[in-house]
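> Please find one structure pasted underneath; my questions will follow.
Values quoted throughout were computed directly from the atomic coordinates according to the rules given, and no laboratory measurement underlies them. Small disclaimer: the values here were computed from a predicted structure and weren't measured. Quick reminder, even Gly has a Cβ in these numbers, built from the backbone with ideal geometry, and neighbours come from all protein chains shown.
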Amino acid sequence: MKIPKIYLETTIFNFVFADDAPDKRADTLRLFEEIKAGKYLPYSSVHATGEILKTKDDRRDKMIDLIKKYKIEILKDTDEIEKLASTYVAEKMIPEKYSDDARHIATASYYGLDMIVSWNFQHIVKVKTITLTESINIKYGYKRVLINSPTEVIENE
């Protein structure tokens, strides 16, 4: 069976340390356990690492350590990714003010990953975004990419 390639959006790294959201933290930690067990091939991007590097507290170094510990491949930006992200914004899928969210989706789409995992319910994990991502990707020749929260992805015990 093919191992799914998943894109970890920035919120995933944040919620490992979210003491104020124990359920989300637990599901995020479970996702990382499943990555370690080889259930998923993890990817992220220069967009996520750029956001992480803007973190002003001690979590920044801990989030960077997660990338190293779990051997998360960091995908580079391309002109095609920027063009696709601009299309997502132009199509009103993501507000221009949050164009980095469009870049996360465009990166996963461009590299042909199977799924985006995120806790961003405002702009990424929502029906409008999922529906428009699929239709725009089909229109421009990219494959469908699933968009889910860790809770939807991890195995239930």
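> Under 7 Å between Cβ atoms, which residue pairs at least 6 apart in sequence (or on different chains) link something in the range 40-61 that is loosely packed, with under 14 Cβ neighbours inside 10 Å with a partner that is not in a loop (DSSP other than H, G, I, E, B)?
L53/R60
> Being touching a helix residue (DSSP H, G or I) at 6+ places or on another chain (Cβ under 9 Å) and at negative phi is true for just one of K143, K126. Which residue is that? Walk me through it before giving the result.
Details: K126 fails: touching a helix residue (DSSP H, G or I) at 6+ places or on another chain (Cβ under 9 Å).
Of the residues listed, the single one that is touching a helix residue (DSSP H, G or I) at 6+ places or on another chain (Cβ under 9 Å) and at negative phi is K143.
> For the range 29-57, what are the residues that are aromatic (F, W, Y) and not in a helix (DSSP H, G or I)? Steps first, please.
Going residue by residue through the range 29-57, those that are aromatic (F, W, Y) are 32, 40, 43.
Of everything in the range 29-57, those that are aromatic (F, W, Y) and not in a helix (DSSP H, G or I) turn out to be Y40, Y43.
> In the range 133-157, how many are among the charged types (D, E, K, R), closer than 23 Å to A37 by Cα and part of a loop (DSSP other than H, G, I, E, B)? I'd like the intermediate steps shown before the answer.
Step one: of the range 133-157, the residues among the charged types (D, E, K, R) are 134, 139, 143-144, 152, 155, 157.
Those still in the list that are closer than 23 Å to A37 by Cα too: 152, 155, 157.
Next, only the ones that are part of a loop (DSSP other than H, G, I, E, B) stay: 155, 157.
Total meeting the criteria: 2.
> If only one of A90, A102, A21 is under 26 Å from R144 (Cβ atoms) and surrounded by fewer than 16 Cβ atoms within 10 Å (Cβ to Cβ), which one is it? Give the derivation first.
Working: A102 fails: surrounded by fewer than 16 Cβ atoms within 10 Å (Cβ to Cβ); A21 fails: under 26 Å from R144 (Cβ atoms).
Of A90, A102, A21, the one residue that is under 26 Å from R144 (Cβ atoms) and surrounded by fewer than 16 Cβ atoms within 10 Å (Cβ to Cβ) is A90.
> Now a separate question. Kindly evaluate L8 against the criterion of being buried (at least 16 other Cβ atoms within 10 Å of the Cβ) and under 23 Å from Q122 (Cα atoms).
Values: buried (at least 16 other Cβ atoms within 10 Å of the Cβ): yes; under 23 Å from Q122 (Cα atoms): yes.
Against the criterion (buried (at least 16 other Cβ atoms within 10 Å of the Cβ) and under 23 Å from Q122 (Cα atoms)), L8 qualifies.
> Further question: Given E91, E96, which one is over 14 Å from the mean Cα position of the chain (by Cα) and touching a residue at least 12 places away in the same chain (Cβ under 8 Å)?
Numbers: E96 fails: touching a residue at least 12 places away in the same chain (Cβ under 8 Å).
Answer to the check: E91.
> Tally time: how many residues in the range 58-99 are among the β-branched types (V, I, T), more than 30 Å from E33 (Cα to Cα) and either in contact with a Lys or Arg (Cβ under 7 Å, 6 or more places away or on another chain) or in a helix (DSSP H, G or I) (or both)?
Looking only at the range 58-99, we keep the residues that are among the β-branched types (V, I, T), and these are 64, 67, 72, 74, 78, 81, 87, 89, 94.
From what is left, the residues that are more than 30 Å from E33 (Cα to Cα) are 78, 87, 89, 94.
Filter once more, keeping what is either in contact with a Lys or Arg (Cβ under 7 Å, 6 or more places away or on another chain) or in a helix (DSSP H, G or I) (or both): 87, 89.
The number of residues fulfilling the criteria is 2.
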